Every structure is written in structure tokens, then in C-alpha cells.
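Heads up: the structure comes next, in C-alpha cells.
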Amino acid sequence: MNWITNYVRPRINSLFSRREVPENLWTKCPECGTMLFHRELSDNLNVCTNCDHHLAISPRQRFAALFDGGVFNEVKVPEPVADPLGFRDQKKYPDRMKAAQKSTGEKEAMLVAEGEIGRTPIVAAAQDFSFMGGSMGMYVGNAIIAAAERAVKLKRPLVLFSAAGGARMQEGILSLMQMPRTTVAVEMLKEARLPYIVVLTHPTTGGVTASYAMLGDIQISEPNALICFAGPRVIEQTIREKLPEGFQRAEYLLEHGMLDRVTHRKKLREELVSILRMLGGLPAPVAGDLPAPGPTATARSEADETPADSTSA
Ligand SMILES: [Zn+2]
């Protein structure tokens, strides 16, 4: 209890230990470098409170903020064959999977759920960039098909949140086959005359941009998201030309007609509700805080269980 233990030792420790900030408490904004308190950040939907940069958000966290009262039911996704090619790079594919499952606490790179937003029933799917770069493998393909089939069965719109580095190379051609498969799934929705809305988040690239992420009836993006097939660096090296400022970013794509909207994450829910109710021919959304679900809401959610029910009619 003297100045050596209280002052000198901590100083020496801080000089010599390369300790990073504890991950569970603070996150550094990759854009402006501000240290953000974890709870504050998640309360703000993982948007930097200083510069408004949209950090990645997990599907589960997104759904908790999206659905009324944070309540949603997960839709079961059929399991594909594990490691069909016996693939190995520096690590075996099953080992990579296990590591990703451990770090994210999720089974795979996409989560499918059903529930209500602003009292509007929907099916939603969200891709998890922190799970092997959100790469599109057979499971993601199955997830999108499961989501589309569920939407058709319940006659609900499908809202998809994309985030991906592209196809999952560990599954080779089987991963690329998910491009036509998911395109057919989207066609099912169009045939059933159900809205399909895509929300592109940072980054959405590669085979995902070349299939289901670009087929929405409405294409919305979060601010400053990188959306491309081949990335800017690859293009720059190929054509040997300097690319314009903000190339392949959401605002640039909006200006050039690739997107319908660029919407702040905190305004997204409200906007989705308006669009979905408009497309579904439903009355305008109720503004302000909704009262707790009463007997009518209970009756409706029970009716949702029966496949013959048509809530969007
Ligand atoms: Zn920031």
C-alpha cells in the first residue's frame, strides 16, 4: 500500500504488457477509433454513437430488435451433408466449422425466423458475417429455401438480411450450386405473389450478390455498406485505373440505380413495416408504442398456427 504498488507497478505493467482492451467490455469503432462501451453499443443496435458507423450485428441480436417485443420463432433448416469434399487447407473444414460455432454460438451462417414486426407477420432470414465470413454453403442454401417455403406456406412476405464474403470455398461446386437453388426459391415467392425484400448489409459480395441478394422486389441497404461481385481492389488491379470515390458503396449504388433505399439501421424497422403493409394491402402502421397484445392478438397468433390461414389477404 504505497506509491510503488499504487502508481509505479501499474505504470510498468501497462508499459510492458501488450494487453488489448477486454473484448467483453469495449469495442473499438473501426471507422473513427472511438472506444465504445459494449452495452451502450448494443443498445444502439451496434451503430457507433460517435460517427454513426454501422458495425456488424448478429442475426439473433437483429431479430431481437426487429420483431415485436423481441419475440420470434426459429424456422428449422434441414441439415446438409457435413464436409462433402473432405476439404482441408491449413485446417480441416470440420475444425473450421467447430471454431466458428464456438465463437458465434450459432450452428451456421444463417438464421431463419418468423414473427411479427409492427403487427405485420413476416418470415425473416439473416446472414451472419462473423460465421466464416457469412459464406454461402449448402446450409445457407437450405436456409433460404426453408425461409421461402415457410413464407409461401404462411402467405407471408420474406425479408432477408444479407452479409457475405461470397461462396464457401470449402464446399467447392456444391457451394456455387446454391446460386441457382436460391434463385429458384425466390421465384417461388414471386409465383405466390409474396413480397421479397432484401436488406443489404456490410459487406455483401461475391456469389451472394450474384444471386438471392439482388433479386428483391425492394432493395434496401444500410449506410456505407460495400456491395459488389468482385471487390474494388481486384477491379483496380485488373483495369489499372483509379476507381471513383465511394465506388461500390451503398450511397454510390443508390445514385446509380442499383438500390431503392439506403436506410439507417435505427429507422429500418419502421421503414420495413411501412413497405410491407403497403405491398400487402394492409392499413397504415400504427404510430407510437403499441399496447401489450390483448385477446385479439392472441387469437391472431393462434390462427397463424393453422396453415390454411391467410393473414395477408
Ligand atoms: Zn465511429
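What the table below lists for this structure:
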read-out: Unmet criterion (only one of (1) under 22 Å from Ala56 (Cβ atoms); (2) out of contact with any helix residue (DSSP H, G or I) (no Cβ under 7 Å at 6 or more places or on another chain); (3) surrounded by fewer than 19 Cβ atoms within 10 Å (Cβ to Cβ)) for Phe247; value: (2)
read-out: Elements of type strands (runs of 3 or more DSSP E) in the range 16-93, at least 1 residues being modelled with pLDDT of 95 or more and away from the ligand (no atom under 15 Å from the Cβ); value: 72-74
read-out: Neighbours by Cβ (under 6 Å, 6+ apart or cross-chain): first from the range 141-154, on the phi < 0 side of the Ramachandran plot; second modelled with pLDDT under 95; value: Lys153/Pro307
read-out: Hits in the range 121-139 - residues which are in a helix (DSSP H, G or I) and free of Cβ contacts under 8 Å to residues at least 40 places away in the same chain; value: Met132, Gly133
read-out: Residue within the range 237-253 that is modelled with pLDDT under 90 and not in a loop (DSSP other than H, G, I, E, B) present; value: no
read-out: Residue that is surrounded by the most Cβ atoms within 10 Å (Cβ to Cβ), among those in the range 40-68 that are among the charged types (D, E, K, R) and within 20 Å of the chain's Cα centre (by Cα); value: Arg62
read-out: Selection status of Ala167, over 22 Å from Gly280 (Cβ atoms), touching a Leu at 6+ places or on another chain (Cβ under 7 Å) and surrounded by 20 or more Cβ atoms within 10 Å (Cβ to Cβ); value: yes
read-out: Residue in the range 221-244 that is under 30 Å from Leu85 (Cα atoms), under 19 Å from the mean Cα position of the chain (by Cα) and surrounded by 17 or more Cβ atoms within 10 Å (Cβ to Cβ) present; value: yes
read-out: Matching entry among Pro223, Pro203 (being under 23 Å from Val47 (Cβ atoms) and either in a loop (DSSP other than H, G, I, E, B) or not assigned by TED's automatic domain parsing to the domain that holds Met136 (or both)); value: Pro223
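The values are calculated or read from the model by the stated rules, or taken from the named source; none is laboratory data. These numbers were taken from a predicted model, which means no experiment stands behind them. Glycine also receives a Cβ, built like all others from the backbone with ideal geometry; neighbour counts cover every protein chain displayed.
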